[in-house]
Amino acid sequence: MRSSDTESIEGYHAHVYFDADTREPAQSLREAVEARFEVRMGRWHEKPVGPHPCWSYQIAFTPELFSTLVPWLALNRQGLVIFLHPETGAVIPDHTDHALWMGEKRELNLDALK
């Protein structure tokens, strides 16, 4: 698999980061995403989980949805940080080399992925 082989992308995960002070905008964003897009929503995590250093929930979606959902998130994220990565089966590169950030980049706990 070459890094430029986009056919290897099985899907995407967008992780919406929030805390006690930003839970309300996170809820509003979640409801808006669910109303507009065919996605799989993950559970609310009010503690760091896996590689994520903040509270978060996941939005899982297909490659076909990328061109509409990602620009919509960029314009409607309400100041929340969103970490976005492809799912290719190469876990570490997906979370590092191939990842995108909306808002302030955070330090991931990559040991959780090993």
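Return the FRET efficiency for the residue pair N109, I9: r is the Cβ-Cβ distance, R0 is 35 Å, and the value is rounded to the nearest 0.05. Write out the running numbers ahead of the final one.
Values: r = 24 Å, r/R0 = 0.67.
The pair N109/I9 has a calculated efficiency of 0.90.
Report the FRET efficiency, 1/(1 + (r/R0)^6), for S28 and L100, where r is their Cβ-Cβ distance and R0 is 30 Å, rounded to 0.05.
Working: r = 22 Å, r/R0 = 0.73.
That pair, S28 with L100, gives E of 0.85.
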>> Using Cα-Cα distances under 8 Å and only pairs 6 or more residues apart, what relative contact order does the range 9-113 have, in percent?
In response: 37
> Who wins for biggest fluctuation among A20, A32, A74 in a Gaussian network model of the chain, springs between alpha carbons below 10 Å?
Replying inline: A20
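Neighbour counts of other C-beta atoms within 10 Å: give me T88, T96, T6 arranged from fewest to most. Walk me through the numbers on the way to the answer.
On the way: T88 18, T96 14, T6 10.
Listed from fewest to most nearby Cβ atoms, that is T6, T96, T88.
Rounded if a/c is under 1.5, else prolate if a/b beats b/c, else oblate: with a ≥ b ≥ c from the C-alpha gyration tensor eigenvalues square-rooted, which is the range 1-60?
Details: a/c = 3.14, a/b = 1.57, b/c = 2.00.
Since a/c reaches 1.5 but b/c is at least a/b, the shape of the range 1-60 is classed as oblate.
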>> Loop-only trypsin sites (Lys or Arg not before Pro) in the range 34-74, please: DSSP not H, G, I, E or B, and at most 14 other Cβ atoms within 10 Å.
In response: R43
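List the chymotrypsin sites (Phe, Trp or Tyr not before Pro) within the range 55-97 that DSSP assigns to loop and that have no more than 13 neighbouring Cβ atoms inside 10 Å.
On the way: sites: W55, Y57, F61, F66, W72, F83; in loops: none.
Hits after loop and neighbour filter: nothing returned.
Counting other Cβ atoms within 10 Å of each Cβ, which GluC sites (Glu not before Pro) in the range 76-112 have at most 12 and sit in a DSSP loop? If you can, show how the numbers build up before the last one.
On the way: sites: E87, E104, E107; in loops: E104, E107.
In loop regions of the range 76-112 (DSSP not H, G, I, E or B), the sparsely surrounded GluC sites (Glu not before Pro) are E104, E107.
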> D21 versus S67, label points 7 Å from Cα toward the beta carbon: distance in nm?
Replying inline: 3.9
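Every read-out reported here was derived from the displayed coordinates using simple, explicitly stated rules and does not represent laboratory data. Because the structure is predicted, anything quoted here is derived from the model rather than measured. When we count neighbours, we look across all protein chains shown, and the Cβ atoms used for this are built from the backbone with ideal geometry, even at glycine.
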